[in-house]
Amino acid sequence: MLEALTGTGLAASAGLNAYIPLLVMGLLARFSDLIDLPSGWSWLSNGWVLVILGVLLAVEMVADKVPVVDHLNDVVQTVVRPTAGGLAFGAGSTAQTVTVSDPGSFFSSHQWVPVAAGVLIALCVHGFKAAARPVVNVSTGGFGAPVASTAEDIGSVLMSLLAVLMPVLVLIGIASLVWAGVAVVRRRRRKRALAASGATQLFG
C-alpha cells in the first residue's frame, strides 16, 4: 500500500499548496534518482514546466500571506488545488520511488481511480485550510495570515518529501491535518455559541 500512501501524501500536500508537490516530484525526477516518473507523467520534469510551476508557486506564496487577498486566492484555488491533487496522486502512485519498486500493481486496471482519489483528498484539505484562515485572520487582526501561510507551505514541502521518501510517515502528517481541522471546527462552534449567548443576553 506504499503507492497509496505516496499518492495520499502528495494529494494532501496539494490541498495546502497546489504547486509544491508537483514541483517537488518534477525536481526530484529531473535532478536525482529518488523518483522515476512513468512516461505519461514525465512532462512534470520538463524544464519549462518546472519554471512555470516555480512562477506560479511564487505568486501563490505571496497572495496567500496577505489578509483578504488570501481569501480571494482560496476561492480561486478551490479548483486549482484539487486538480493538482489529482495530478500529484496519479503521478506519485504510479511512479517508482526509493520505497516502491512495482507501482503499477496498485492501480493497474483503473487509471482514473488515483486521479479521482487525489482530487477528493486535496479538496478536503483545501476545505479545512480555507475554513481555518478567516478564523486566524479575525482572531489576530490579520497578522496571523503570513505565519499560518508559512506553516502551511512548510507542511506541504515536508508532506511531499515524506510521501516520496518515507510514505509510512504520511499517516502522521494526515493525522496532524485531521487534528488541526477538528480544532478549527470546534473553535468556530465555540465562537458561534458565545455570539449566540451574547445576543440572547442583549435582547432577552
Next item on the list: Go through the range 40-63 and count every residue that is open to solvent by 30 Å² or more (accessible area, probe 1.4 Å), among the polar types (S, T, N, Q) and in a helix (DSSP H, G or I).
Entry: 1
Item checked: Residue match in the range 179-187 (condition: more than 17 Å from the chain's Cα centre (by Cα), at pLDDT below 80 and more than 16 Å from C124 (Cα to Cα)) -> yes
Checklist line | the range 8-39, subset in contact (Cβ under 8 Å) with a residue 12 or more places away in the chain, assigned to a helix (DSSP H, G or I) and over 25 Å from Q77 (Cα atoms), residue most open to solvent (accessible area, probe 1.4 Å) | finding: R30
Note to self: Being within 13 Å of the chain's Cα centre (by Cα), modelled with pLDDT under 80 and open to solvent by 40 Å² or more (accessible area, probe 1.4 Å): is that true of I154 here?
What the structure shows: no
Next item on the list: Identify, by number, the condition in (1) farther than 14 Å from P114 by Cβ; (2) in contact (Cβ under 8 Å) with a residue 40 or more places away in the chain; (3) hydrophobic (A, V, I, L, M, F, W, C) that A91 doesn't meet.
Entry: (1)
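Conditions (1) outside any helix (DSSP H, G or I); (2) at pLDDT below 95; (3) open to solvent by 10 Å² or more (accessible area, probe 1.4 Å); (4) not acidic (D, E), marked per residue:
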residue	(1), (2), (3), (4)
T6	no, yes, no, yes
K65	yes, yes, yes, yes
D70	no, yes, no, no
G92	no, yes, no, yes
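The values are calculated or read from the model by the stated rules, or taken from the named source; none is laboratory data. What you see is a predicted model; the values in this text were computed from it and never measured. FYI the Cβ positions are ideal-geometry reconstructions off the backbone, even for glycines, and counts take in every protein chain you see. To get the accessible areas, we keep the full protein, side chains included, count just its heavy atoms, and leave off ligands, DNA and RNA. Shrake-Rupley method; radii C 1.70, N 1.55, O 1.52, S 1.80 Å.
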